[in-house]
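For reference, the structure discussed in these notes is given below.
The values are calculated or read from the model by the stated rules, or taken from the named source; none is laboratory data. Just so you know, these numbers come straight off a predicted model, no measurement behind them. Note that we place each Cβ from the backbone using ideal geometry, even for glycine, and neighbour counts take in every protein chain shown.
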Amino acid sequence: MVGIPNEFLAPLAGSVQVAVNWVQQNVSSYVSRYGTDIRYVAVGNEPFLQTYNDSFLNTTFPALQNIQAALIKAGLGRQVKITVPLNADVYQTESGLPSGGDFRSDIRDLMISIIKFLGDNNAPLTINIYPFLSLYADPHFPVDFAFFNGSSAPVVDGSISYTNVFEANFDTLISALEKNGFSSMPVIVGEVGWPTDGDISANKDYARRFNQALVDRINQGQGTPKRKTPPDIYLFSLTDEDAKSVRPGNFERHWGIFYYDGAIKYQLDMGNGKPLVPAKGVKYLARQWCVMSPEASISHPNLTSSVDYACSYADCTSLGYGSSCGTLDAKSNASYAFNVYYQTVDQRKDACSFSNLSTLTKIDPSQNSCRFEIMIDLGTHETTGRSFAGRNENPATVMAFISALILIICGAY
């Protein structure tokens with residue numbers, strides 16, 4: 001599945017030629033030149049999310065139509081299907097039961113038009129479902145109902161008993177489709193997973209529990225009460241994203257089943273005892289960490305501003321309440337902030353200088369669940385006689401590494 005960012009929807013909606021150019025550059029060239037197995041083009045991502053305040057309401061459908069026209073022109077109309085990944089807030093149920101599902105009243109007509117267009121082109125609808133968010137948003141939400149193998153009281157809907165929120169959520173969509181005349185519309189789960197950090201409910205134990213049960217369902221061909229045939233499911237996500245927006249919560253940067261370096265966070269049985277395999281041949285920078293100096297005082301007047309500076313340019317979401325580093329003392333808290341900044345800028349020579357509060361150490365300061373990282377050697381760190389080119393200043397290098405990491409991990413199976 002190849003995705004189109006929401007910010008591209010407006011130009012794609014305004015011109016078929018823009019869509020033709022996009023398909024040529026991002027789909028056709030890879031299919032013809034490399035034989036890449038591209039099955040879907042995702043037009044936008046959750047464009048009708050209520051927090052977007054209708055920003056993409058008028059551009060999503062025209063962009064979808066133009067991309068379809070471009071695929072047909074490229075001779076890929078049968079091979080590559082269009083879809084729109086939607087958030088589960090596009091449907092609702094007034095009764096609180098899956099059978100009461102219908103599309104949100106403010107977008108109902110638009111949803112029907114989009115679904116009809118998808119159906120006319122033998123294309124699926126895509127939905128993103130996050131049981132974690134149900135738990136995150138409601139402190140009274142029954143924990144076990146967020147998982148597949150829980151023991152909470154079921155939600156009884158007529159003759160159907162729902163034992164987990166994933167099935168209840170998915171079947172609410174199916175009810176909405178049935179209610180509007182699309183009972184046979186194919187549905188893909190575009191994103192589903194569980195984060196490992198950034199919140200008290202975002203941890204490796206919960207993530208392993210959820211994702212292992214999800215993988216088991218897939219391997220067993222298990223559907224839902226209203227759709228016995230299992231949908232195609234995309235597990236979210238491969239690796240963490242340390243620059244992702246944390247507006248929804250600090251957990252947003254921690255959905256990966258692998259760490260940034262391809263190391264396994266937690267093991268999964270992918271079927272027949274087949275385990276996850278870590279990336280091989282990863283090279284790291286020097287085994288050294290930037291920490292708060294033993295001689296420095298936590299009452300130093302510049303400590304707070306130094307930590308704030310470090311965290312404004314690096315990812316400190318693991319320091320929050322309930323997170324993997326949330327129980328560190330004041331000195332260790334500062335050390336984590338200093339080090340994550342130091343590693344983020346590829347151990348730049350002057351990056352461990354925080355008002356004489358910091359120093360370099362060869363002793364790993366990691367504690368219990370709190371991991372003090374060492375950055376991967378991307379060949380951009382500062383060396384004698386060469387100017388610094390940090391990761392944040394060279395996104396092409398970062399993307400090249402991510403692509404290589406994906407190939408390493410996938411090739412290891």
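Restricting to segment 60-92, name every residue that is among the β-branched types (Val, Ile, Thr) and surrounded by fewer than 18 Cβ atoms within 10 Å (Cβ to Cβ). Scanning segment 60-92 gives a single hit, 72. Would you call residue 218 among the β-branched types (Val, Ile, Thr), outside the structural domain of residue 369 (by TED's automatic domain parsing) and within 19 Å of the chain's Cα centre (by Cα)? Spelling it out, it is not the case that residue 218 is among the β-branched types (Val, Ile, Thr), outside the structural domain of residue 369 (by TED's automatic domain parsing) and within 19 Å of the chain's Cα centre (by Cα). Among the residues of segment 119-153 satisfying the criterion of being over 25 Å from the mean Cα position of the chain (by Cα) and not in a loop (DSSP other than H, G, I, E, B), which is farthest from residue 230 (Cα to Cα)? Applying the filter and picking the extreme gives 120. Among the candidates 96, 100, 158, 193, the residue that is assigned by TED's automatic domain parsing to the domain that holds residue 222, surrounded by 15 or more Cβ atoms within 10 Å (Cβ to Cβ) and farther than 25 Å from residue 235 by Cα is uniquely 100. Applying a threshold of 7 Å to beta carbon distances and a minimum spacing of six or more residues, or different chains, the list of pairs starting in segment 8-26 at a residue that is in the same structural domain as residue 47 (by TED's automatic domain parsing) and under 12 Å from residue 41 (Cβ atoms) and ending at one that is among the β-branched types (Val, Ile, Thr) and in a helix (DSSP H, G or I) reads 12/18; 12/67; 19/67; 23/67. Annotation for segment 342-358: no member residue is closer than 24 Å to residue 197 by Cβ, modelled with pLDDT under 95 and not in a strand (DSSP E or B). If you check residue 311 against the conditions, is it in a strand (DSSP E or B) and farther than 30 Å from residue 213 by Cβ? So residue 311 does not fit the description; no.
Would you mind stating whether residue 334 is buried (at least 21 other Cβ atoms within 10 Å of the Cβ), part of a helix (DSSP H, G or I) and outside the structural domain of residue 138 (by TED's automatic domain parsing)? Yes.
Within segment 3-57, the only residue that satisfies the criterion of being part of a loop (DSSP other than H, G, I, E, B) and more than 29 Å from residue 192 (Cβ to Cβ) is 15.
Being closer than 24 Å to residue 319 by Cα and not assigned by TED's automatic domain parsing to the domain that holds residue 93 holds for only one residue in 261, 269, and it is 261.
As a summary of the residue check, residue 312 satisfies the conditions (1) of a type in the set (Ser, Thr, Tyr); (2) in contact (Cβ under 8 Å) with a residue 40 or more places away in the chain; (3) surrounded by fewer than 17 Cβ atoms within 10 Å (Cβ to Cβ) except for the one numbered (2). Taking residue 323 as the residue in question, decide whether it is in a loop (DSSP other than H, G, I, E, B) and closer than 19 Å to residue 197 by Cβ. Yes. When the criteria are applied in full, residue 267 fails the requirement of being surrounded by fewer than 18 Cβ atoms within 10 Å (Cβ to Cβ), more than 30 Å from residue 344 (Cα to Cα) and modelled with pLDDT of 95 or more.
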